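The values are calculated or read from the model by the stated rules, or taken from the named source; none is laboratory data. Here the structure is a predicted model, which is why all the values come from computation and not from measurement. FYI the Cβ positions are ideal-geometry reconstructions off the backbone, even for glycines, and counts take in every protein chain you see. Quick note on the areas: whole protein, heavy atoms, side chains included, nothing else; ligands and nucleic acids left out. Shrake-Rupley method; radii C 1.70, N 1.55, O 1.52, S 1.80 Å.
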Amino acid sequence: MPKLKNPKFFSTRALSVALRGVFSFLVPGAFLLLIAFLLHRLFLVEKLPFLTRIYPYVVWVAGVLVAWRFNRSQLFFVILLLAAADRSLFYFAAKGPGKGAAANIVYNAISFLLPLNLLFISMMREKGFLEKRNLWRLGLIAFQTIIIVLICVFKPWNLDLLLKHSFIKSPAFKPLHMAQPALFVFGLVFLILAARYLLSRGVIECGFIWILVLSFFALNTGKARAALTIYLATAGLTLVISVVETSLGLAFRDELTGLPTRRAFNEALSNLGSRYAIAMIDIDFFKRFNDRYGHQVGDQVLRLVASKLEQAIGGGKAYRYGGEEFAMIFQGKDAGESIPHLEALRQVVEESKFIIRSKERRSRKAKNRRKYEKPRSQEEVTISIGVADDQGRFSSPQDVIKAADQALYRAKEEGRNRLVR
């Protein structure tokens, strides 16, 4: 079969993937931050006092219920932490961070400890909502509260002075109400959370970044006490939404490949128009990879193929159908219009050589590796594709899927690594 050259195979799809990544990072965190900021700057918080009386309690109760329902201890501790910070500032620093010695100590201590606690909670392993091992975490939060009270009463070792010490004399810090030690901690925690998000791209990791940002805005509101409550409550709401989104995502997105699951595929079938094509895609000799190299290598092959499917052009939407089989829907196209894009996809997968390194190379430290060492083997990964469309021949999407499956079966019978209509 002649090769179809397509130098722009990744261009449009890669841009689409990048835009989706930016969108997933900004929503809902940036949207909720914008709403809280507008409520603060337009003085709507003062004009709508019921917000501060009702809104935070609604968020805290909802957060605890969601944490219990989805068995998420991280969410529970974040809600507890934010509620404790808000109520402490309400009772001890009601007149703002600049009024009263005790108020200043509480404000500076919370500003310093809050980001550290958020970092700790974000990195702790999920133990479940009602696990006994969570008791020591509750004790840690209680211990910090006791320490703050003791600092207010006894002021040992001038800790209150250290919490508000200015290391750098610069007018750039004057617009901020937060002391420099707390600013340093916020900056350091932000960099760590950002690095963790870049490595994982997780919804929860993204949520913790926006919680930190909202907490920063909250603690720099000055005398706008009601705005502080709105920011902290919105920070809790951000994680509530992130937990719900993650739980729903597990049902509709495959954890291994990142593609939508068969459940999402079945839902997409109910929203098809009058013109569409469906392709069924199977990895050739996939059992060979598992039997020869193990399931870990097999998982790497699945991820490789999934990444190519996700970046395919032509408007095709890829799904993990099951095992080593994938499905792709081309809405608004018939089989003839979809074939060039599927053929380009087949070629891209074929040209992506899969390198399997030797066990000795993987286990040896990098400094002892020799440059002339070669990989154990270089395997060729190929796919077979069957495609069909509705074009008046079939009465339902299930019939089109069956026809595409039959075409896929013929592609395998004819030697694999080919596309059959």
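Some notes on this structure:
The rows are residues; the columns are (1) β-branched (Val, Ile, Thr); (2) under 21 Å from Phe120 (Cβ atoms).
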position	(1), (2)
Glu46	no, no
Phe50	no, no
Val58	yes, no
Ala62	no, no
Leu65	no, no
Asn71	no, yes
Leu75	no, yes
Leu82	no, yes
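- Identity of the residue in the stretch 331-369, outside any helix (DSSP H, G or I) and aliphatic (A, V, I, L, M), that ends up modelled with the lowest pLDDT: Ile356
- Scan the stretch 226-250 for residues that are open to solvent by 10 Å² or more (accessible area, probe 1.4 Å), small (Gly, Ala, Ser) and within 15 Å of the chain's Cα centre (by Cα) and the total you get is 2.
- Qualifying residue in the stretch 132-147 (condition: at pLDDT below 80 and open to solvent by 70 Å² or more (accessible area, probe 1.4 Å)): yes
- Inspection of the stretch 305-326 finds a residue satisfying the criterion of being of a type outside the set (Phe, Trp, Tyr), at pLDDT 90 or above, open to solvent by 40 Å² or more (accessible area, probe 1.4 Å) and more than 24 Å from the chain's Cα centre (by Cα).
- Selection status of Ser166, assigned to a helix (DSSP H, G or I) and of a type outside the set (Val, Ile, Thr): no
- Members of the stretch 183-205 found to be at pLDDT 95 or above, of a type outside the set (Val, Ile, Thr) and open to solvent by less than 20 Å² (accessible area, probe 1.4 Å), listed by number: Phe186, Leu193
- Pairing each residue of the stretch 242-256 that is of a type in the set (D, E, K, R) with any residue that is part of a loop (DSSP other than H, G, I, E, B), provided the two are 6+ apart or on different chains, yields C-beta distances under 8 Å for Arg253/Leu259; Arg253/Thr261; Asp254/Thr261.
- Condition broken by Gly258, with the remaining ones in (1) part of a loop (DSSP other than H, G, I, E, B); (2) buried (at least 23 other Cβ atoms within 10 Å of the Cβ) satisfied: (2)
- Conditions (1) modelled with pLDDT of 90 or more; (2) part of a loop (DSSP other than H, G, I, E, B); (3) not aliphatic (A, V, I, L, M): number failed by Phe216: (2)
- Looking only at residues in the stretch 37-67 that are assigned to a helix (DSSP H, G or I) and of a type in the set (Phe, Trp, Tyr), the one that is least open to solvent (accessible area, probe 1.4 Å) is Trp60.
- You will find that of Phe208, Phe217, the residue that is in contact (Cβ under 8 Å) with a residue 60 or more places away in the chain, of a type in the set (Phe, Trp, Tyr) and open to solvent by 10 Å² or more (accessible area, probe 1.4 Å) is Phe217 and no other.
- Condition check for Pro175: over 30 Å from Trp68 (Cα atoms), open to solvent by less than 20 Å² (accessible area, probe 1.4 Å) and either more than 21 Å from the chain's Cα centre (by Cα) or of a type in the set (Gly, Ala, Ser) (or both): no
- Selection of first residues in the stretch 377-403 that are without any contact (Cβ under 8 Å) to a residue 40 or more places away in the chain and of second residues that are open to solvent by 30 Å² or more (accessible area, probe 1.4 Å) and of a type in the set (Val, Ile, Thr), restricted to Cβ pairs under 6 Å at least 6 apart or on distinct chains, gives the following pairs, ordered by first then second residue: Gln378/Ile355.
- Taking the conditions (1) modelled with pLDDT under 90; (2) over 30 Å from Val348 (Cβ atoms); (3) open to solvent by 50 Å² or more (accessible area, probe 1.4 Å); (4) of a type outside the set (A, V, I, L, M, F, W, C) in turn, Pro97 satisfies each one other than (3).
- Candidates Phe76, Phe120 - the one that is more than 17 Å from Leu232 (Cβ to Cβ) and modelled with pLDDT of 90 or more: Phe120
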